[in-house]
Each structure stands twice: as C-alpha cells, then as structure tokens.
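Step one of this worksheet: look at the structure below.
The values are calculated or read from the model by the stated rules, or taken from the named source; none is laboratory data. On a predicted model such as this, the values are computed, not experimentally measured, just so you know. Glycine gets a Cβ as well: all are built from the backbone with ideal geometry, and neighbour counts include every protein chain shown. Side chains included, ligands, DNA and RNA excluded: accessible areas come from the protein's heavy atoms. Shrake-Rupley method; radii C 1.70, N 1.55, O 1.52, S 1.80 Å.
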Amino acid sequence: MILYRTMQGHYLEHVGQYYRLEDTSWDALLTRQELYEYLSESIRKNSPIGDSLPCAPEAPIENQEVWAAGVTYYRSRSARIEESKDAGGGDFYDRVYLADRPELFFKATPHRVAGPNGKVRIRKDATWTVPEPELTLCINSQAKIVGYTIGNDMSSRDIEGANPLYLPQAKVYDQSCALGPGILIAQEPLPLTTRISIEILRGTNMEFSASVSLADMKREPATLVEYLFRDNSFPSGCFLLTGTGIVPPDSFTLHSNDEIRITIASIGTLINEVA
Ligand code: DO4
Ligand code: MG
C-alpha cells in the first residue's frame, strides 16, 4: 500500500483503489506505532473513494529531517575518486567504501525538498550538476523502517570535486532534494531484484538513461539506520537516501528545463523539472 500526502488530506492506495485517511497530520501518521497494521485496518473499515487520487500528490514530508548515505555503490566510489583526483581526495572515497562506518550526511530540511512534479534546482554557483536517484527509507522515531520512497540527491560535482570538505555546499541548497510520489508502506525489506531507473529528457530528446539493482548496494539499509540513530533522535521520524548507483558520464551536466524521471516500480515514478 502507498501513502500519499495532498493539499486535501492523506490517501492510501491499495490494489488500485484509493482510501481517505482521517489522521490530523502527516507527522502523526508517520510516528504512529504499528503504522502498517493501522493502515491495513483503515482499508478494512472504509470504502474506497475511487481508482485515482482526487488531487496531485505533494512531497511526503512535514517535519522530518532528510539525511543521505554516500558511496554505497561501487559506481559512486569510482566517479568520486575520478572527480576529486586533482584535489587529492580520492583515497577517502575508497576508504569510506570499505570502512565499517558508512558515510552519512545531512541533506535537507523540509522546505528544501521538491515534491512530485515540483522543481529541483542547480546551485547558482555550480557548473556541473547531476541528479542522484536513490531508494529512500522512511524511518519512524523508534528507528524502524516503515516505508520506502524515491529520492533525488541533487549534487554539484564541480564543488564536491574541488575539495571533499565542500560536500555540504555541493549537497545542501534550496530544492536540492526531491522526494515522492508516495511512501510504500511495507513490513518486509524490498527484494534485492528491485531496480532504480532514471531518464533525463531535454525537450523530446532522451539525454541519459540508466538503471541499477538494489543487489549492487554494498550496505544493508538496517545498518545505515543503526548508524544514523546511534546518537541522533528524530521525534517526527526522518528520511534517509541510501546512495546512488548511477552517475552519468563526466560530459553530462543538467540544464534548466530538463525533466528527470526516477522509477522504482513498486513505488512509482518521481518526476521533476530543473528550474
Ligand atoms: O561522498 C559524497 C556523497 C556520495 C553520495 O551522495 C552518493 O554516493 O550517493
Ligand atoms: Mg547521493
């Protein structure tokens, strides 16, 4: 079942039918104990409202912080070693890829997050920007993974490549993150055969497309969550992007008006235009 946040309230999709939920706030919903059971019960007790959402979905976030993991796929390690070669930073990416402790960084506050069909941005002072399509964990205040959504970790490669200490500037700026379209509420981990796909359209031209499987991720989602919660509390829960396994070739940079489509079949497609 997939949970959606809209201007008109919260909705649940289950086998092609949509149900309206009565909860007062998104935070209250995401921090509910036994969310899966509560939603299953709502489906049993209520009649569906139809086979489509009555209005457009919004970013599935209220007061949650957004964090991200890095260098969790070999492709990200290699691309970053290459981009930071001149700055002497390459060794660190290899070391973090192999270390027990994962790379975790703060990504966005809610107002920096674009929702489905919203606009993501290229930093004003960046010259080389790419989207990073990432499976995103929805975690409650008790450190339990309650669901999965799609995240785009927009990244300024020239800024990070100039010096890895510039990472927060390469990663955190207005509309540097997109989340959505909804949250797949699941009790079990996603199968490792799950694929993350991206398409980048410039006008009618497909500028770049690729896909990767969760089996290629080096870290377990549960381990990432364990590290994130070691000495941080999240009273409203949080989101954790799990890293990218797709990096376009070095000749590619995003342009204004490009359309980015990221698909994980069991969740949906997150579509954003570049402002
Ligand atoms: O090490 C820098 C960030 C890595 C990242 O965002 C990723 O691998 O997805
Ligand atoms: Mg990333």
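Annotations
- Among GLY88, GLY118, GLY70, the largest mean-square fluctuation in a Gaussian network model of the chain, built with springs joining Cα atoms closer than 10 Å, belongs to GLY88.
- Using only alpha carbons, segment 2-45 has a radius of gyration to Kirkwood radius ratio (Rg to Rh) of 0.92.
- Computed over the chain, relative contact order equals 25 percent, with contacts defined as Cα pairs under 8 Å that lie 6+ residues apart.
- Accessible area of segment 2-45 belonging to carbon and sulfur atoms, whole % at 1.4 Å probe: 47 percent
- Residues of type lysines that LYS107 reaches as a straight line, Cα spacing below 19 Å, ignoring anything fewer than 8 places off in the same chain: LYS119, LYS124, LYS171
- Of all accessible heavy-atom area on segment 65-274, the percent that carbon and sulfur account for (1.4 Å): 50 percent
- Cα-based convex hull volume of the chain per residue, rounded to whole Å³: 120 Å³
- Normalised by 2.2 N^0.38 Å, where N is the number of residues, the alpha-carbon radius of gyration of segment 155-275 equals 1.17.
- What the chain shows is 44 Å² of accessible area per residue, with the surface traced by a 1.4 Å probe over protein heavy atoms.
- Label sites at THR109 and ALA265, each approximated as a point 7 angstrom past Cα along Cα to Cβ, lie 4.0 nm apart.
- Euclidean distance of C-alpha centroids, segment 27-59 and segment 120-143, integer Å: 26 Å
- Relative contact order (percent, whole number), segment 2-45, Cα cutoff 8 Å, 6+ residue spacing: 24 percent
- Label point 7 Å beyond Cα of SER213 along Cβ direction - residues of segment 255-275 with amide nitrogen under 19 Å: 263-267
- Theoretical FRET efficiency, 1/(1+(r/R0)^6), r = Cβ-Cβ of ASN163 and LYS45, R0 51 Å, to 0.05: 0.35
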